[in-house]
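Contents: one structure, followed by commentary.
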Amino acid sequence: MRLLIGFAIALAVGLTGVGGGSFTVPALVLIVGLPAGVAVGTAFVFAGVLRLIAAPFYMAGRHVHLRYLWLLVLGAVPGLLIGTYVLQLLSSRAGSPVVIILLGVLLTTSSSITFVPRAQNRSFAHKNSRWLPWLALPIGVEAGFSSAGAGALGTVLLLNYSEMTPPEVVGTDLLFGLVLAVIGSAFHFSFGSINGGILMQLLYGGVPGVLAGCLLARKLPARKLKYVIAMIAIFAGLQLIWTGVSTMMKQHNAPAPKAATYLAVPPRAGST
């Protein structure tokens, strides 16, 4: 099961750049049974390795916009540090269902813009590039807190609000996510919140999956690739919503802890 999970997620990452955290964290929490904090750390390393393998394919094809990459990193790295710090402060609430549901709604809504041409502005990034670091800041915060969002939200932003082609969007966002994954992984290694055994099992399925995704992406026409990216991002958003709602229902139905009871012990004869 873990090999299949790793392969499926890696296939999506290699093909579209989406899914490294958005799919991995819910799968590790709901299917594998990892605590949320450990799931986030493990997903960070898993996504980082996948992007490290996929990045050379897109760099060789010159499908990376270095200026936009730098602007995104400039805003997202401070956000990542903030999100990671918040995750440690609120470790008992890591992966809060409310946060996961909000991210899912945001991802589903923003990805749907791909199918509404009037809502797109392909010249926005070119004319307003100074805003990219500020738009990347909350993406970094969310990535630091839940490991989700760096690939999906970054891809949606570039896909609908920049002049780049879909392969350029995937390549640029893969490197963007790789930078965040490397930094985030370093923090989680220091915190000890990574399950090495499960990580290796995911990678056994993930390495061939990401290679297959990169090779398949070369054969898809740009227009079809754009819609494939949007559909996978929408699915990731719906998955997050379902995960958040399921977690919230489990917490609501969990029995309340029993109050401690004290038995009155009658005094012994002659005691005062």
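When you restrict to C-alpha pairs under 8 Å that are six or more residues apart and normalise by the size of the stretch 18-65, the relative contact order lands at 36 percent. Among the protein heavy atoms of the stretch 1-134, carbon and sulfur supply 70% of the accessible surface, probe 1.4 Å, non-protein parts ignored.
Relative contact order of the stretch 1-112, taken over Cα pairs closer than 8 Å and 6 or more residues apart, is 21 percent.
Residues whose amide H falls under 5 Å from that of L34, counting only those 5 or more places apart or on a different chain, are V29, with hydrogens built in the peptide plane. Applying 1/(1 + (r/R0)^6) with R0 = 30 Å to the Cβ-Cβ distance of L102 and M200 gives a FRET efficiency near 0.40.
Solvent-accessible surface of protein heavy atoms, probed at 1.4 angstrom with all chains present, puts F187, F124 in the order F187, F124, largest first. Its Cα centre serving as origin, the stretch 1-147 has a Cβ charge dipole (Lys and Arg +1, Asp and Glu -1) of approximately 440 debye. The mean accessible area for residues of the stretch 200-255, using a 1.4 Å probe and ignoring ligands and nucleic acids, is 59 Å² per residue. Rounded to 0.05, the FRET efficiency of the W70 and L215 pair, given R0 = 35 Å and the Cβ-Cβ distance, is 0.80.
The values are calculated or read from the model by the stated rules, or taken from the named source; none is laboratory data. Computed from a prediction, not measured in an experiment: that's the story for all the values here. Quick reminder, even Gly has a Cβ in these numbers, built from the backbone with ideal geometry, and neighbours come from all protein chains shown. Ligands, DNA and RNA are stripped out before the accessible areas are found, and what is left, the full protein with its side chains, is counted by its heavy atoms. Shrake-Rupley method; radii C 1.70, N 1.55, O 1.52, S 1.80 Å.
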